[in-house]
Structures are given as structure tokens and as C-alpha cells.
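Accompanying notes for the structure given below.
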Amino acid sequence: MSARELLRTLTVFGDALPGFATATAAAEPTDQFLAWLAEAVEGGVARPQLMTLATVDADGFPDARTLTVREVDRTGWWFATDATSPKAEQITALPRAALVFSWPEQGRQIRVRGTVGRADRRACAGDFLMRPPGARAASHVGRQSRPLRDTAELDRAFVEARERVTAQPDRVAEAYVLYVVRPLAVEFWQGRTDRKHTRLRYQLAEGAWEREFLWP
């Protein structure tokens, strides 16, 4: 079976999609996101906290990766990374990003575009210390996305990092950084089996949110 044939055997949507009551949609996109997030958790969506973060490198090529959203508030969507990682370097050079949340069980996507800001050291430390020991150890290892010559070196680094976390549980990894994507545009996409998908976009204009529908 070819890839094309295999792909044609797959379904796009589940049997029961929740719909989107746009008449009662929140005035703020972060509030609408939190409402959908609660529905995703209640509806059993697998790992709804995962999102795709897209940035652009120095040559104009886009980069995308999946990571965990750490917080969502009126400021925006928060995530953490190593300050020496490629995504952090790209954000420093061009502080703009896009996010995508995909919840196929409910036929929903949320797309976010905006500028990226960096939290102060106190906020970074507070977030870091909320992480489980294994995650803190990984941050102490660092060197994210750098070439690895020998997996034994990685094993040694993790052993040392775990020992450091055990001995100094309040020690914060120096390169741990918390960022926020401050939205300029947010789209809520609700799929329908008849393909008349509902798309509601929030656009920031002169400090206020405007809403409009988009063709599917």
C-alpha cells in the first residue's frame, strides 16, 4: 500500500464534534482559550497542554517544535526553554512567534500569532522550582540541540544533574528562561463534518480586540 493509499484510509474527524457557540464567545481570546481548554480536559483530549511553537532563523527558514504551555493569562501564552537553545536565539534575533494547539478529538485548533517577551529572573526562578526533579535535572544538563558525540556523556551529565538537584533542590538553572507570546491575532477553528468549518479570529486593533469570521 502506498503512502497515498494509506492516508486515504484515515478519518479526519471523530463522530461527535462539540460545535462552537460563537454568539457567547468571550471578548478576550485568552478567556476563550481557557474555556476551550476546560472543555478539552473534560472531554478527554490527550495532552491538550502541548502546542507547536514556530520561529524563524537568521536565514528566514521557519522552525517548529512541540512543547508545553506553562501558563495562560491576559498577557499571553507562556513557555520555557534554555536561553542557549536555537529557539531562544531565534527569538532574541526576531521576537515574534506563532503557536498552534491541535485537539483532533474535538476537531479544534487554536492559532496564535504575536510578539515574544521574556520574564524577569524572579518569575523564571519561580516557574523553574515548580517543575518536577527530573525536569529540573534536564535543565541543569543544558546544551539543548547541540551535537552529541557519545550517549555515555549524556548519561554522565544526567547523573551529575540529578545529584545536584538532590543536594541543592532550590538551585535554579542559570539558562532557564520563561517567555510569553503576547497575541496580536488568535484564531479559533472548529471543524465540521460537512466541511463548513467555523473560524473566529480575534485581531488586536488599537488596544482593543475585534472579532471576525473567516471563510473555511
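When you go through (1) touching a Ser or Thr at 6+ places or on another chain (Cβ under 8 Å); (2) loosely packed, with under 11 Cβ neighbours inside 10 Å one by one for residue 3, which number turns out not to apply? Of everything listed in (1) touching a Ser or Thr at 6+ places or on another chain (Cβ under 8 Å); (2) loosely packed, with under 11 Cβ neighbours inside 10 Å, residue 3 misses just condition (1).
Within region 49-66, track down each residue that is outside any strand (DSSP E or B) and within 16 Å of residue 93 (Cα to Cα). Answer for region 49-66, where residues must be outside any strand (DSSP E or B) and within 16 Å of residue 93 (Cα to Cα): 57, 58, 59, 60, 61. Scanning region 14-39 for residues being at negative phi and in contact (Cβ under 8 Å) with a residue 60 or more places away in the chain gives a total of 14.
Per the conditions (1) exposed (fewer than 11 other Cβ atoms within 10 Å of the Cβ); (2) in contact with a Pro (Cβ under 9 Å, 6 or more places away or on another chain); (3) among the charged types (D, E, K, R), the sole criterion not satisfied by residue 192 is (1). Listed by first and then second residue, the pairs linking a residue in region 1-13 that is under 24 Å from residue 190 (Cβ atoms) to a residue that is of a type in the set (Gly, Ala, Ser) and surrounded by 10 or more Cβ atoms within 10 Å (Cβ to Cβ), with Cβ atoms under 8 Å apart and 6 or more places separating them unless they lie on different chains, are 12/191; 13/107; 13/191. Exactly one residue out of 92, 30 is closer than 24 Å to residue 136 by Cα, of a type in the set (Val, Ile, Thr) and either in a helix (DSSP H, G or I) or open to solvent by 70 Å² or more (accessible area, probe 1.4 Å) (or both), and it is 92. Taken over region 104-150, residues that are part of a strand (DSSP E or B) and open to solvent by 80 Å² or more (accessible area, probe 1.4 Å) amount to 3.
The values are calculated or read from the model by the stated rules, or taken from the named source; none is laboratory data. Predicted model only: the values in this text are computed from it and were never measured. Heads up, the Cβs are rebuilt from the backbone with ideal geometry, glycines too, and the neighbour counts pull from every protein chain shown. The protein model used for the area step is the full one, side chains on, heavy atoms only, and it has no ligands, DNA or RNA in it. Shrake-Rupley method; radii C 1.70, N 1.55, O 1.52, S 1.80 Å.
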